[in-house]
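The values are calculated or read from the model by the stated rules, or taken from the named source; none is laboratory data. Just so you know, these numbers come straight off a predicted model, no measurement behind them. So basically every Cβ, Gly included, is an ideal-geometry build from the backbone, and we count neighbours across all protein chains shown. Only protein heavy atoms, including side chains, enter the accessible area calculation; ligands, DNA and RNA are left aside. Shrake-Rupley method; radii C 1.70, N 1.55, O 1.52, S 1.80 Å.
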Amino acid sequence: MHTTLINAAKAAFQSAFQSEPEHIFLSPGRINIIGEHVDYNDGYVLPAAIDKYICFAVKKQQDSETCTFFAADLNESFSFNISEKQSPVGQMWVNYLLGVVDAIQESGKTVGGLQIAFSSTIPMGSGLSSSAALECGFAYILNILFDLQFSKKEIALIGQKAEHTFAGVQCGIMDQFASVFGKENKVMMLDCNSLEHQYYDAQLNGYSLVLFDSCVKHTHLTSGYNDRRKDVEVGKEIIKSHYPGILNFRQVTEEILTELKEDMGDLAYKRCLYLVKEIKRVEEAVKALSENNPEYLGRLMTETHTGLSQEYEVSCNEIDFLVEEALKEESVLGARMMGGGFGGCSINLVKEDQADRISRNIEEKYRKAFGIDMKVYKINISEGIKEYTDNEFII
Ligand code: GLA
C-alpha cells in the first residue's frame, strides 16, 4: 500500500548515497476532528494520524558525526556535524531537523552520524502537520538507532520544542502527539494539560471524513498563530486578576467572560469566548462519537468553524467558501476549517456514497469563484510513526 512512497525514498537514498538504506520509517500527518487552537489553551483535542506519510530511508554512519539529509521532493541536501551546537539556517525544512538535534543535545544524550533520504505524501502547508511528521519522525529514528531511551511522550515533546526554538511557531502539542501516538481506526482524545489520552473508535455510521485542500498555503500562520497566543494571554491575565482561583480556561465560563468583557476589550474577549466554547464542544464531540451520533458530531464541527472564522479569526475567504458550499449539501453533516488556519484544508463529515459527487460539485464552484483547483483527500486513520521492514511491505 505504501510501496510507491517507500520505493521513492529508497531510490532517492540510492541516488544520493550510492548505497542501500538499512532502515525505513514512516511518519504520518494528522487530521483533527475537533478542538482547534485549544491545545495551547488548556483544552482537549480529537486528532488522528492519517495514511499520508513522510518516508525516511536511513543508514547509520559508524564512527562519523556527519548527518546528511536528502529531501527528495525538493531535490535539496543538507549536511551538518550532529555533535556540534546547532543554530537555525535559511532552509525551513532543515530547521525542524536541527531543532530536534538541539533538543536532544539539551537532554544530555549523544547521537552520531546518519545518511537519510526522505520523500512525502503529506502536502506541505495544508494543515496536515508535515512539520510534526518530520520532527517527530527524525526524533524517533535517533531514539531507535542510538538507543536514547526516550518515551513516546518525550519524542512528541522534542518535536514540539524543535518547532518552538528553530521554526519560531509557538505551537501546542496536538500534531506531534497524533503523529507519534496514532492508532489505526481510532481517534485520540488528548487532554493537553495532563497529556493523558484515550482512544475512541472512529465510528461514523456510513459517513466519512473528506478533506478539501483550498491550496491556499498558510504563509501567515506563524505570525497569526503567535499573535493569537498573545491575544489570549491578555484575556487570561484579566481573568486571573479578577478570579485568582482560576488556573486555566477549563474553569472559565461564558458568564465570567461577559462580566469582564469591558476590561478585556473586544479582541481578547472574542478569542477567549471561542476557547471556552471550543473546550466544551470537544467534550460533547466525544459523547457524540461514543454514542454513535454523527449528526451531533457534525453540528459541533460546524459550530467550531463559525467560532474559528468569526471569534478566533483564523480562517480565510477560500476556506469559508468551501465550508459554506459543503453545508448546502444535505449529505454533509458538518464542515470546518482544520489545523492552524489562514489556508490549508477543510474537514467535512460526508455521507460515504455521496462524497465523490459532492467533491466534484464543490471543486467546480471553487474553481469558478477563486480560479483555484482544490484537492480532495479521502483519508484513512492510521498508525503513528513506525519502522517498517522489507518483509512487511515490499511484495
Ligand atoms: C497547528 C499547531 C497545533 C494546533 C493547531 C490548531 O497545527 O501546530 O499545535 O494549535 O495549529 O489547533
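Kindly provide the set of residues from region 149-166 that are open to solvent by 10 Å² or more (accessible area, probe 1.4 Å) and of a type outside the set (Val, Ile, Thr), ordered by number.
Initial filter on region 149-166 (open to solvent by 10 Å² or more (accessible area, probe 1.4 Å)): 149-154, 157-158, 160-161, 163-166.
Once the filter is applied, which keeps residues that are open to solvent by 10 Å² or more (accessible area, probe 1.4 Å) and of a type outside the set (Val, Ile, Thr), region 149-166 yields GLN149, PHE150, SER151, LYS152, LYS153, GLU154, LEU157, GLN160, LYS161, GLU163, HIS164, PHE166.
Do any helices (runs of 4 or more DSSP H) lying entirely in region 100-190 carry at least 2 residues that are within 16 Å of the ligand (Cβ to nearest atom) and touching a strand residue (DSSP E or B) at 6+ places or on another chain (Cβ under 9 Å), and which ones are they? I'd like the intermediate steps shown before the answer.
Working: elements: 130-145, 152-162, 174-181.
Those helices (runs of 4 or more DSSP H) span 130-145, 174-181.
Please find, within region 250-283, the residue that is least open to solvent (accessible area, probe 1.4 Å) out of those that are part of a helix (DSSP H, G or I) and hydroxyl-bearing (Ser, Thr, Tyr). Break it down stepwise before answering.
Taking region 250-283 as the starting set, the residues that turn out to be part of a helix (DSSP H, G or I) are 250-251, 254-283.
Subsequent filtering for residues that are hydroxyl-bearing (Ser, Thr, Tyr) retains 258, 269, 274.
On the way: THR258: 86, TYR269: 35, TYR274: 0 Å².
Filtering region 250-283 for residues that are part of a helix (DSSP H, G or I) and hydroxyl-bearing (Ser, Thr, Tyr), the one least open to solvent (accessible area, probe 1.4 Å) comes out as TYR274.
Given the structure, is TYR200 open to solvent by 10 Å² or more (accessible area, probe 1.4 Å), touching a Ser or Thr at 6+ places or on another chain (Cβ under 9 Å) and in a strand (DSSP E or B)? Can you show your working first?
On the way: open to solvent by 10 Å² or more (accessible area, probe 1.4 Å): yes; touching a Ser or Thr at 6+ places or on another chain (Cβ under 9 Å): yes; in a strand (DSSP E or B): yes.
Yes, satisfied.
For the list (1) in contact with a Cys (Cβ under 6 Å, 6 or more places away or on another chain); (2) surrounded by fewer than 24 Cβ atoms within 10 Å (Cβ to Cβ), I need the number of the one condition that VAL180 fails.
So VAL180 meets the others, but not (2).
Right, LEU247: among the hydrophobic types (A, V, I, L, M, F, W, C) and open to solvent by 80 Å² or more (accessible area, probe 1.4 Å) or not? Lay out the reasoning, then the answer.
On the way: among the hydrophobic types (A, V, I, L, M, F, W, C): yes; open to solvent by 80 Å² or more (accessible area, probe 1.4 Å): yes.
Yes: the conditions hold for LEU247.
Condition test on GLY35, is it part of a loop (DSSP other than H, G, I, E, B) and small (Gly, Ala, Ser)?
Numbers: part of a loop (DSSP other than H, G, I, E, B): yes; small (Gly, Ala, Ser): yes.
So GLY35 passes the test.
I need the full set of residues from region 51-90 which are in contact with a helix residue (DSSP H, G or I) (Cβ under 6 Å, 6 or more places away or on another chain) and either outside the structural domain of GLY182 (by TED's automatic domain parsing) or among the charged types (D, E, K, R) (or both), in order please.
Within region 51-90, just LYS60 meets the criteria.
With respect to VAL234, is the statement that it is in a helix (DSSP H, G or I), in the same structural domain as LEU128 (by TED's automatic domain parsing), more than 13 Å from the ligand (Cβ to nearest atom) and surrounded by 14 or more Cβ atoms within 10 Å (Cβ to Cβ) true? Let's see the steps before the verdict.
Numbers: in a helix (DSSP H, G or I): yes; in the same structural domain as LEU128 (by TED's automatic domain parsing): no; more than 13 Å from the ligand (Cβ to nearest atom): yes; surrounded by 14 or more Cβ atoms within 10 Å (Cβ to Cβ): yes.
Criteria not met by VAL234.
Scan region 9-32 for residues that are in a helix (DSSP H, G or I) and either within 16 Å of the ligand (Cβ to nearest atom) or closer than 30 Å to VAL210 by Cβ (or both) and jot them down.
Step one: list which residues in region 9-32 are in a helix (DSSP H, G or I), which gives 9-17.
Residue satisfying the conditions is ALA9 alone.
Among the numbered conditions (1) within 30 Å of ASP353 (Cβ to Cβ); (2) open to solvent by less than 80 Å² (accessible area, probe 1.4 Å); (3) of a type outside the set (Val, Ile, Thr), tell me where ASN205 comes up short.
Going through (1) within 30 Å of ASP353 (Cβ to Cβ); (2) open to solvent by less than 80 Å² (accessible area, probe 1.4 Å); (3) of a type outside the set (Val, Ile, Thr) one by one, ASN205 breaks only (2).
Filter region 336-366 down to the residues that are aliphatic (A, V, I, L, M) and surrounded by fewer than 24 Cβ atoms within 10 Å (Cβ to Cβ), then identify the one that is nearest to ILE379 (Cα to Cα). It would help to see each step written out before you state the result.
The first filter runs over region 336-366 and keeps only residues aliphatic (A, V, I, L, M), leaving 337-338, 347, 349-350, 355, 358, 362.
In the following step, the residues that additionally are surrounded by fewer than 24 Cβ atoms within 10 Å (Cβ to Cβ) were identified as 355, 358.
Values: ALA355: 12, ILE358: 16 Å.
The selected residue is ALA355.
Given the conditions (1) open to solvent by less than 40 Å² (accessible area, probe 1.4 Å); (2) assigned by TED's automatic domain parsing to the domain that holds GLU135, report the number of the one that LEU211 does not fulfil.
Result: LEU211 passes all but (2).
Anything in region 199-252 that is within 30 Å of GLY125 (Cβ to Cβ) and free of Cβ contacts under 8 Å to residues at least 12 places away in the same chain? List them, or say none. Can you show your working first?
Going residue by residue through region 199-252, those that are within 30 Å of GLY125 (Cβ to Cβ) are 199-200, 202, 204, 207-236, 249.
SER223, ASP227, LYS230, GLU233 - these are the residues of region 199-252 that are within 30 Å of GLY125 (Cβ to Cβ) and free of Cβ contacts under 8 Å to residues at least 12 places away in the same chain.
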